[in-house]
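Trainee: Have a look at this one.
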Amino acid sequence: MDSTTLQLVLAALAFAVAGNIWLSLAVLRASRRERIAPTALVPGEPLPAVQARPLTGGVRFQPGASGQATVLLFLASRCPKCVAKLAGVEQLLPLAREAGLTLWLISEEPARRLRAFLPGNSLRAATAQLALRDYRRLNPLMSSPSYVFVNHQGNVEAAGLIGDEDWLALVGQLNAEPSQERAA
């Protein structure tokens, strides 16, 4: 064997060893992340601060920041249950606005997919995109169709699946006629 061939073989071996070490460390990091089980957002705790971008364009903002009560909805375009919830959510948008409640659909999906998923301009105008890392901070269980209620101080009030008791209570309050609310 000549020295050039020997150098090439040694370089290939060194590259293979370096690649093996890099892959081993990547597996180790991934396994550590897997061991830390995600937990749901805790009522009373502040909502994690993340920056979102409105689907229709505009300035980045912090969903659920203190100042106004907010409902964050997590719907996925590939979720059949989520598709079934869109019409109901669209009906709630003007009712929430009248009640002084901000409602945002939060997604980490590409804009093209979201536009195809959302049937109307009102839903698109109420949709914001996050990076996956930030989406996981707001929806650590990666559940859908789900929600997070945030009070005017930016603290989590409740979180769960759309259709549960807290969600139905909100829908009932928003659908209540003004005369019924005054009588109560």
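The values are calculated or read from the model by the stated rules, or taken from the named source; none is laboratory data. These numbers come from a predicted model, not from an experiment. Here Cβ is always computed from backbone atoms with ideal geometry, including for glycine, and neighbour counts include all displayed protein chains. When the accessible area is computed, the model is the full protein with side chains, heavy atoms only, and any ligands, DNA or RNA have been set aside. Shrake-Rupley method; radii C 1.70, N 1.55, O 1.52, S 1.80 Å.
Trainee: If I stretch the segment between ASP2 and VAL17 completely, what's the gain in nm (0.36 nm per residue apart, minus their alpha carbon distance), one decimal?
Mentor: 3.1 nm
Trainee: Please express the Cα-Cα pair-distance distribution P(r) of the stretch 48-104 as a list of whole percents, one per 10 Å bin, running from 0 to the bin with the greatest distance.
Mentor: Pairs per bin, as whole percents: 20, 46, 33, 1.
Trainee: Between the stretch 104-129 and the stretch 148-173, how many Å separate their Cα centres?
Mentor: Value for the Cα centre distance between the two parts: 21 Å.
Trainee: Which order, highest average first, do 24-31, 96-103 follow once you tally other Cβ atoms within 10 Å for each residue and take the mean per peptide?
Mentor: Result, highest mean Cβ count within 10 Å first: 96-103, 24-31.
Trainee: For TRP104, TRP22, write out the residues from largest to smallest accessible area, computed with a 1.4 angstrom probe and no ligands counted.
Mentor: Greatest to least solvent exposure: TRP22, TRP104.
Trainee: Return the sequence-ordered ³J(HN,Hα) values of the stretch 6-19 in whole Hz as given by the Karplus equation 6.51 cos²θ - 1.76 cosθ + 1.60 applied to θ = phi - 60°, using x for Gly and Pro.
Mentor: 4, 5, 5, 5, 5, 5, 5, 5, 4, 5, 5, 5, 4, x
Trainee: In addition: How high is the relative contact order of the chain, in percent, counting Cα pairs under 8 Å that sit 6 or more residues apart?
Mentor: 28
Trainee: Mind putting a number on the dipole of the chain about its Cα centre? Charges go on the C-beta only, +1 for Lys and Arg and -1 for Asp and Glu, and I need it in Debye to the nearest 20.
Mentor: 580
Trainee: Let me ask you something else. Heavy atoms only, probe 1.4 Å: what % of the accessible area of the chain goes to carbon and sulfur, would you let me know?
Mentor: Taking all protein chains in place, the chain shows 58 percent carbon and sulfur surface.
Trainee: Continuing with this model, one more query. With every protein chain left in place, what is the accessible area of PHE61 in Å² (1.4 Å probe, nearest 10)?
Mentor: Accessible surface of PHE61 is approximately 40 Å².
Trainee: With a 1.4 Å probe and all protein chains left in place, how much accessible area per residue does the stretch 45-175 have, in Å²?
Mentor: Dividing the accessible area of the stretch 45-175 by its residue count gives 50 Å².
Trainee: Continuing with this model, one more query. Using only the Cα atoms of the stretch 92-183, what are the Rg and Dmax in Å?
Mentor: Computed over the Cα atoms of the stretch 92-183, radius of gyration and Dmax are 14.5, 46 Å.
Trainee: Let me ask something else. Got a sec to turn the phi values of the stretch 116-133 into Karplus ³J(HN,Hα) couplings, 6.51 cos²θ - 1.76 cosθ + 1.60 with θ = phi - 60°, whole Hz, x for Gly and Pro?
Mentor: Whole-Hz 3J(HN,Hα) from phi for the stretch 116-133: 5, 6, 8, x, x, 5, 5, 5, 5, 5, 9, 10, 10, 10, 10, 5, 4, 4.
Trainee: Something else: For the chain, take N as its residue count and report Rg(C-alpha) divided by 2.2 N^0.38 Å.
Mentor: 1.45
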